[in-house]
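Have a look at the structure below before the remarks.
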Amino acid sequence: MNATDSETVGAGAGSWLTVPDLAERLGLTLAKARRLVSDRYVLGTRRDGVLVVPAEFLVPGHLANPAAPGDPASAPAWVVLASLPGTITVLTDVGFSDDEALDWLFAPDDQLGTTPVAALRAGHKSAVRRLAQSLL
């Protein structure tokens, strides 16, 4: 993929976090933040040679599971959306590369009425994963 192509990956994502920004937001060391990406707990792509992660993958701690919000006072400030890692696994099983998965997660889908990542953030994990599995 050439540099201009990488600028279009995840085009629907609003904003991007560098790995140091991800580490700071989650209160992790830089090594642990890098591991989140390398272990595919979150997906990243390179933009201008810098590894970045969509900011939409993070939610306020009490909304980690949007279907059962927690107490904001006892939750961490930011966490990875709880349904994201399993959804990434489903997309990997379907055969998607990281860039293809990012594109799919941020592309509007008529069946969902929104983007898959927005549906995950709204607590519709099962619908998103069912749709992803149908891509086999």
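Restricting the search to region 3-32, which residues are within 22 Å of residue 100 (Cβ to Cβ), hydrophobic (A, V, I, L, M, F, W, C) and in contact with a helix residue (DSSP H, G or I) (Cβ under 8 Å, 6 or more places away or on another chain)?
9, 11, 13, 16, 17, 19, 22
Mind checking whether some residue in region 33-49 is in contact with a Phe, Trp or Tyr (Cβ under 9 Å, 6 or more places away or on another chain) and open to solvent by 60 Å² or more (accessible area, probe 1.4 Å)?
Within region 33-49, one or more residues are in contact with a Phe, Trp or Tyr (Cβ under 9 Å, 6 or more places away or on another chain) and open to solvent by 60 Å² or more (accessible area, probe 1.4 Å).
Does any residue in region 94-115 that is among the β-branched types (Val, Ile, Thr) come within less than 7 Å, Cβ to Cβ, of a residue that is surrounded by fewer than 19 Cβ atoms within 10 Å (Cβ to Cβ) and in a loop (DSSP other than H, G, I, E, B) six or more places away or on a different chain, and which pairs are these?
If the second residue must be surrounded by fewer than 19 Cβ atoms within 10 Å (Cβ to Cβ) and in a loop (DSSP other than H, G, I, E, B), the pairs left are 94/135; 94/136; 114/108; 115/12; 115/107; 115/108.
Among the residues in region 87-101, are any aliphatic (A, V, I, L, M), touching a strand residue (DSSP E or B) at 6+ places or on another chain (Cβ under 9 Å), open to solvent by less than 60 Å² (accessible area, probe 1.4 Å) and within 28 Å of residue 133 (Cα to Cα)? Don't jump to the end; show me each part of the working.
Keep residues of region 87-101 that are aliphatic (A, V, I, L, M), which gives 88, 90-91, 94, 101.
With touching a strand residue (DSSP E or B) at 6+ places or on another chain (Cβ under 9 Å) added as a condition, the list becomes none.
No, region 87-101 has no match at all.
Is region 33-51 home to any residue that is touching a helix residue (DSSP H, G or I) at 6+ places or on another chain (Cβ under 8 Å) and in contact (Cβ under 8 Å) with a residue 60 or more places away in the chain?
The answer is yes; a qualifying residue exists.
Here is a list: 83, 15. Which entry is among the small types (Gly, Ala, Ser), crowded, with 18+ Cβ neighbours inside 10 Å and touching a residue at least 40 places away in the same chain (Cβ under 8 Å)?
Just one listed residue meets the conditions, 83.
The values are calculated or read from the model by the stated rules, or taken from the named source; none is laboratory data. Computed from a prediction, not measured in an experiment: that's the story for all the values here. As a convention, Cβ positions derive from the backbone with ideal geometry for all residues, glycine included, and neighbour counts pool all protein chains shown. Heavy atoms of the whole protein, side chains included, go into the accessibility calculation; ligands, DNA and RNA do not. Shrake-Rupley method; radii C 1.70, N 1.55, O 1.52, S 1.80 Å.
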